[in-house]
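S.K.: Submitted below is the structure of interest, expressed as structure tokens.
The values are calculated or read from the model by the stated rules, or taken from the named source; none is laboratory data. Keep in mind it's a predicted model, so treat the numbers as computed, not measured. All Cβ positions, glycine included, derive from the backbone under ideal geometry; neighbour counts span all protein chains shown. Side chains are part of the model used for accessible areas, which takes the heavy atoms of the whole protein and leaves out ligands, DNA and RNA. Shrake-Rupley method; radii C 1.70, N 1.55, O 1.52, S 1.80 Å.
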Amino acid sequence: QVQVVESGGGLVQAGGSLRLSCSASRNMFEANAMGWYRQAPGKQRELVVDITRAGRTNWLDTVKGRFTISRDYAKNTMYLQMNSLKPEDTAVYYCNGHWGSLDVWGQGTQVTVSS
């Protein structure tokens, strides 16, 4: 069974930074796409960023220029570097991997940004 596991969430003040990690039990460079999503209380889950096998990215407009995505081939890990965090970035952040018809979600990691 393929699993993805997030880590790195926490509480940070506005303007601060956090780095989320997502490790996968299957080669993420073979995935059709990997992505980060988030869900704030009372809101629908939304795409933060996804990255295709070819390395193309698709970003949520409100995080462009503040967040970056990267992948470490050797560690089979994907990262979301979040800078200049705002209270509206508060949410549970989920890692997602898409291998063919297989759609895998992590359990989520809480990010809380205080004002």
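S.K.: Rounded to the nearest 20 debye, what is the charge dipole size of the chain about its Cα centre when +1 sits on each Lys and Arg Cβ and -1 on each Asp and Glu Cβ?
M.R.: In debye, rounded to 20, the chain gives about 140.
S.K.: Here's another thing I want to ask about it. Run the accessible area of the chain with a 1.4 Å probe and give the carbon-and-sulfur part as a rounded percent.
M.R.: On the chain, the fraction of accessible area on carbon and sulfur atoms equals 46 percent.
S.K.: While we're here: Between Thr90, Thr77, Thr62, where does the largest GNM mean-square fluctuation fall for the chain, given springs only between Cα atoms within less than 10 Å?
M.R.: So, out of Thr90, Thr77, Thr62, the one fluctuating most is Thr62.
S.K.: Further question on the same structure: So what is the accessible area of the stretch 58-111 per residue, in Å², with the probe set to 1.4 Å?
M.R.: 49 Å²
S.K.: Given the options Arg56, Arg26, Arg38, state which has the largest fluctuation in a GNM of the chain using a 10 Å cut-off (strictly under) for Cα springs.
M.R.: Arg56
S.K.: How big is the C-alpha Rg of the chain next to the rule-of-thumb value 2.2 N^0.38 Å, as a ratio?
M.R.: That ratio works out to 1.00.
S.K.: Please find, in a Gaussian network model of the chain (springs between Cα atoms separated by less than 10 Å), the residue of Ala40, Ala54, Ala31 whose mean-square fluctuation is greatest.
M.R.: Between Ala40, Ala54, Ala31, it is Ala54 that shows the largest mean-square fluctuation.
S.K.: Same structure again: Taking a ≥ b ≥ c as the square roots of the Cα gyration tensor eigenvalues, with a/c under 1.5 meaning rounded and otherwise prolate when a/b beats b/c, else oblate, which class fits the stretch 63-107?
M.R.: It is oblate, given that a/c is not under 1.5 and a/b is not larger than b/c.
S.K.: Now for a separate question. Enumerate the aspartates and glutamates that Lys43 could reach by cross-link, defined here as Cα to Cα under 18 Å, with residues fewer than 8 away along the same chain left out.
M.R.: By straight Cα distance, Lys43 reaches Asp61, Glu88, Asp89.
S.K.: Over what distance in Å are the Cα centres of the stretch 1-71 and the stretch 87-102 separated?
M.R.: 6 Å
S.K.: Please compute the modelled spin-label separation between Leu47 and Ala14, points set 7 Å along Cα→Cβ, answer in nm with one decimal.
M.R.: Those two pseudo-labels are separated by 2.9 nm.
S.K.: Within the stretch 39-114, report the chymotrypsin sites (Phe, Trp or Tyr not before Pro) that DSSP leaves as loop and that have at most 12 other Cβ atoms within 10 Å.
M.R.: Here the sparse-neighbourhood loop sites are Tyr73.
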